[in-house]
Amino acid sequence: VQLQACGGGLVQPGGSLRLSCEASGSIFSINVMGWYRQAPGKQREAVATITRGGSTNYADSVKGRFTISRDNAKGTVDLQMNSLKREDTAVYYCKADNYFGMGYWGAGTLVTVSS
């Protein structure tokens, strides 16, 4: 499985961005897809995950502001980010976990929230 993410950029506080990630390869082996982020000087953390069946989990810090969605047939997962805060600034990574316990990471995309 290979992952290609896009959609990062510079946005003002309170603004919105949408991240998209497309998987290729054995997409039908993918169970969970998700977005993680790593801010400068901090560890990588889970932002939101979604199972093939559509169950979602969000970090407390993004609940009510971010929405994760996926299209199983296309192998895509999106992250709609609203009401962005400066503390959301980070490199965002897409991840896919298959049913065999293997995880795959995409290259990161930088999100900068600044005025």
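Structure notes:
- Flag if S83 is modelled with pLDDT of 95 or more, in a loop (DSSP other than H, G, I, E, B) and among the hydroxyl-bearing types (S, T, Y): yes
- Cβ-Cβ under 6 Å pairs, at least 6 apart or on other chains, segment 1-22 side within 18 Å of A107 (Cβ to Cβ), far side open to solvent by 20 Å² or more (accessible area, probe 1.4 Å) and not in a strand (DSSP E or B): V1/G25; V1/S26; Q2/G25; R18/G7; L19/G7; S20/G7
- Residue pairs meeting the criteria (Cβ under 6 Å; at least 6 apart or on separate chains; first closer than 14 Å to A96 by Cβ, in segment 68-83; second assigned to a loop (DSSP other than H, G, I, E, B)): N72/R52
- In segment 1-12, residue nearest to the chain's Cα centre (by Cα) [restricted to those that are within 15 Å of S114 (Cβ to Cβ) and surrounded by 14 or more Cβ atoms within 10 Å (Cβ to Cβ)]: G8
- First in segment 30-45 and more than 15 Å from T112 (Cα to Cα) and among the β-branched types (V, I, T), second anywhere and open to solvent by 20 Å² or more (accessible area, probe 1.4 Å) and at pLDDT 95 or above, Cβ under 6 Å, 6 or more apart: V32/T49; V32/T51; V32/D97
- Index of the failed condition, F100 passing every other in (1) in a strand (DSSP E or B); (2) surrounded by fewer than 19 Cβ atoms within 10 Å (Cβ to Cβ): (1)
Conditions tested, residue by residue: (1) in contact with a Pro (Cβ under 7 Å, 6 or more places away or on another chain); (2) assigned to a strand (DSSP E or B); (3) crowded, with 20+ Cβ neighbours inside 10 Å.
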residue: G14; (1), (2), (3): no, no, no
residue: A23; (1), (2), (3): no, yes, yes
residue: K42; (1), (2), (3): no, no, no
residue: V47; (1), (2), (3): no, yes, yes
residue: G53; (1), (2), (3): no, no, no
residue: T67; (1), (2), (3): no, yes, no
residue: K74; (1), (2), (3): no, no, no
residue: L79; (1), (2), (3): no, yes, yes
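- The residues of segment 31-40 that are surrounded by 15 or more Cβ atoms within 10 Å (Cβ to Cβ) and either at pLDDT below 95 or over 14 Å from Y104 (Cβ atoms) (or both) amount to a single one, R37.
- Unique residue being β-branched (V, I, T), open to solvent by less than 40 Å² (accessible area, probe 1.4 Å) and under 21 Å from Q4 (Cα atoms) when the list is V62, V111: V111
The values are calculated or read from the model by the stated rules, or taken from the named source; none is laboratory data. Values in this document were obtained by computation on a predicted structure and should not be read as measured data. Glycine also receives a Cβ, built like all others from the backbone with ideal geometry; neighbour counts cover every protein chain displayed. Surface areas here come from the heavy atoms of the whole protein model, side chains and all, with no ligands, DNA or RNA. Shrake-Rupley method; radii C 1.70, N 1.55, O 1.52, S 1.80 Å.
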